[in-house]
Amino acid sequence: MQADINEVSLAFDDTGSGPAVILIHGFPLCRRMWRPQTKALTEAGFRVVAPDLRGFGESSAPAGPYSMSLFADDIIGLMDHLGLAQAVIGGMSMGGYVLFNLLERYPGRAAAALFLVTRAGGENEEGRTNRTRMAHAVAEEGPGVVTKVFSELVFADGTAERRPELVAQARGWMEAATPHGLEGALLAMRDRKDFMPDLALLDVPALVVGAEKDRAIPLEQSRRIAAGLPRATFRSIPEAGHLANLEQPEAFNRCLVDYLQNLHLR
C-alpha cells in the first residue's frame, strides 16, 4: 500500500485486525524485516502496520535533510491517514530513535512502546565522526559502502556460515536503500537527541528487548533503557545478534505476543 504523507509517498503493509501495532524498521533496512513478526502478531489477534521510512524500501526518497523528528512526523501522519488515534509503536535500532522522538513530541499517541534492540543515548564524538564519514562515502562511492559494513555487523558470529540465505536476504534489503535515504538517515542518527536523562519522563507501558550477541548495540544498552523507564518490562534474546527478530524469530515473537496479550488492549 502507498499513502501520500508529508509530501512523500510512504509504502506500508497493513495486515490483520484487532489492536494496532506499528513496527518501525532499522537502518539500512525496510519493512520486509518484520514479516516473521507480522505473521505471529496477526495470528495472535493484532493488526500490524509496517511502513518503509522515507528513503527506504518502496517509499519515495526526497533529498535531505532528514531527522528523527521528520521520521516521527511521517509515522504520525500515517496513523492519521489510517484513522489510528493510538497504537502500540515499536522501533528497532534506528526505529527506536524515531520512537523516542515520537513519544516526546506526540504524547498520548502510543498505547505502549516496544524498544527493540535499540539505545537511548545520543552519538559520541567518535560516532558522529563515523556517521559523517560514511554519509560522505555514500555520496562519493554509492550505497555499497553501507551494505558492506552493516551486513557484517548485524548478525551474531557464525550466522553467515550457518544461514547464508538469511544474510543474503538482509543484504538485498540494504542494497535497495537509496543514496538519499542512506545519507539522510546517517546524518539524522548522528544528530539525534540523547534521551537517557529523560527516560523517567516517558510514562508509558514499555517492552525493552535486547540481544545477547548484538555487536551493533550491546545488551547493556537495552538494560539501561529498561532501568530508566518507569513502566518497563525487559527481555533478552539468547543466541541472537542485532537482527534478533530474524535470527531467533520464535523467541522474539514470543516476547512480543506475551507482552501485548498481557496489556489487554482493545
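Between residues in the stretch 173-196 that are more than 14 Å from Cys30 (Cα to Cα) and residues that are hydroxyl-bearing (Ser, Thr, Tyr), which pairs lie under 6 Å by C-beta distance while being six or more apart or on different chains?
Gly184/Tyr66; Ala188/Tyr66; Ala188/Ser67; Arg192/Tyr97
Would you check if Ser222 is assigned to a helix (DSSP H, G or I), touching a strand residue (DSSP E or B) at 6+ places or on another chain (Cβ under 6 Å) and closer than 29 Å to Arg54 by Cα?
It is true that Ser222 is assigned to a helix (DSSP H, G or I), touching a strand residue (DSSP E or B) at 6+ places or on another chain (Cβ under 6 Å) and closer than 29 Å to Arg54 by Cα.
May I ask you to list the residues in the stretch 149-164 that are in a loop (DSSP other than H, G, I, E, B) and touching a helix residue (DSSP H, G or I) at 6+ places or on another chain (Cβ under 7 Å)?
Val154, Phe155, Ala156
May I ask you to list the residues in the stretch 233-266 that are small (Gly, Ala, Ser) and free of Cβ contacts under 8 Å to residues at least 60 places away in the same chain?
Within the stretch 233-266, the subset small (Gly, Ala, Ser) is 236, 240-241, 244, 251.
Residues satisfying the conditions are Ser236, Ala251.
May I ask you to verify whether Gly77 is assigned to a helix (DSSP H, G or I), under 29 Å from Ala3 (Cβ atoms) and not hydrophobic (A, V, I, L, M, F, W, C)?
Yes; evaluated as a whole, the condition is true for this residue.
Rundown of residues vs (1) of a type outside the set (Gly, Ala, Ser); (2) surrounded by fewer than 14 Cβ atoms within 10 Å (Cβ to Cβ); (3) under 24 Å from Ala110 (Cβ atoms), yes/no style:
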residue	(1), (2), (3)
Lys193	yes, no, yes
Leu202	yes, no, yes
Ala211	no, no, yes
Ile217	yes, no, yes
Ala244	no, no, yes
Glu247	yes, no, no
Phe252	yes, no, yes
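Would you be able to say whether some residue in the stretch 130-139 is touching a residue at least 24 places away in the same chain (Cβ under 8 Å), under 17 Å from Tyr97 (Cα atoms) and either surrounded by fewer than 20 Cβ atoms within 10 Å (Cβ to Cβ) or among the charged types (D, E, K, R) (or both)?
Yes, that holds for at least one residue.
Out of the stretch 5-47, which residues are assigned to a helix (DSSP H, G or I) and of a type in the set (A, V, I, L, M, F, W, C)? Break it down stepwise before answering.
From the stretch 5-47, those assigned to a helix (DSSP H, G or I) are 31-43; that's our starting set.
Residues satisfying the conditions are Met33, Trp34, Ala40, Leu41.
Please go through (1) of a type in the set (D, E, K, R); (2) out of contact with any His (no Cβ under 8 Å at 6 or more places or on another chain); (3) over 13 Å from Thr118 (Cβ atoms); (4) touching a residue at least 12 places away in the same chain (Cβ under 8 Å) for Glu161 and return the number of the only condition it doesn't satisfy.
Going through the list (1) of a type in the set (D, E, K, R); (2) out of contact with any His (no Cβ under 8 Å at 6 or more places or on another chain); (3) over 13 Å from Thr118 (Cβ atoms); (4) touching a residue at least 12 places away in the same chain (Cβ under 8 Å), Glu161 breaks only (4).
Exactly one of (1) among the charged types (D, E, K, R); (2) within 27 Å of Ser9 (Cβ to Cβ); (3) within 15 Å of the chain's Cα centre (by Cα) is unmet by Arg131. Its number?
Arg131 satisfies all of (1) among the charged types (D, E, K, R); (2) within 27 Å of Ser9 (Cβ to Cβ); (3) within 15 Å of the chain's Cα centre (by Cα) except (3).
Assess whether Val167 counts as being under 24 Å from Tyr106 (Cα atoms), surrounded by 14 or more Cβ atoms within 10 Å (Cβ to Cβ) and among the β-branched types (Val, Ile, Thr). Even if it seems obvious, please write down each step before you answer.
Working: under 24 Å from Tyr106 (Cα atoms): no; surrounded by 14 or more Cβ atoms within 10 Å (Cβ to Cβ): yes; among the β-branched types (Val, Ile, Thr): yes.
Judged against the criteria, Val167 is not a match.
For the stretch 52-69, does any single residue satisfy the condition of being of a type outside the set (Val, Ile, Thr) and assigned to a helix (DSSP H, G or I)? Explain how you work it out, then say what you get.
Residues of the stretch 52-69 of a type outside the set (Val, Ile, Thr): 52-69.
Still in the running and assigned to a helix (DSSP H, G or I): 68-69.
Scanning the stretch 52-69, I find at least one residue that is of a type outside the set (Val, Ile, Thr) and assigned to a helix (DSSP H, G or I), so the answer is yes.
For the stretch 51-63, indicate whether the set of residues that are farther than 22 Å from Gly142 by Cα and surrounded by 18 or more Cβ atoms within 10 Å (Cβ to Cβ) is non-empty.
There is at least one residue in the stretch 51-63 that is farther than 22 Å from Gly142 by Cα and surrounded by 18 or more Cβ atoms within 10 Å (Cβ to Cβ).
Of the numbered conditions (1) in contact (Cβ under 8 Å) with a residue 60 or more places away in the chain; (2) aromatic (Phe, Trp, Tyr); (3) touching a helix residue (DSSP H, G or I) at 6+ places or on another chain (Cβ under 7 Å), Tyr106 satisfies every one except a single condition; which is it?
So the condition that Tyr106 fails would be (1).
Determine the pairs where a residue that is crowded, with 18+ Cβ neighbours inside 10 Å, located within the stretch 15-42, has a partner that is among the small types (Gly, Ala, Ser) and in a loop (DSSP other than H, G, I, E, B) with Cβ atoms under 6 Å apart, the partner being 6 or more residues away or on another chain.
Every condition considered, the pairs that remain are Gly26/Ser93; Pro28/Ala177; Cys30/Gly57; Arg31/Gly57.
Taking the stretch 165-216 as the region of interest, how many residues are within 20 Å of Ile89 (Cα to Cα), of a type in the set (A, V, I, L, M, F, W, C) and in a loop (DSSP other than H, G, I, E, B)?
3
Laboratory data are not the source of any read-out in this text; all were calculated from the coordinates shown. This is a predicted model, so every value here is computed, not measured. No Cβ is skipped: glycine too gets one built from the backbone with ideal geometry, and neighbour counts run over all protein chains shown.
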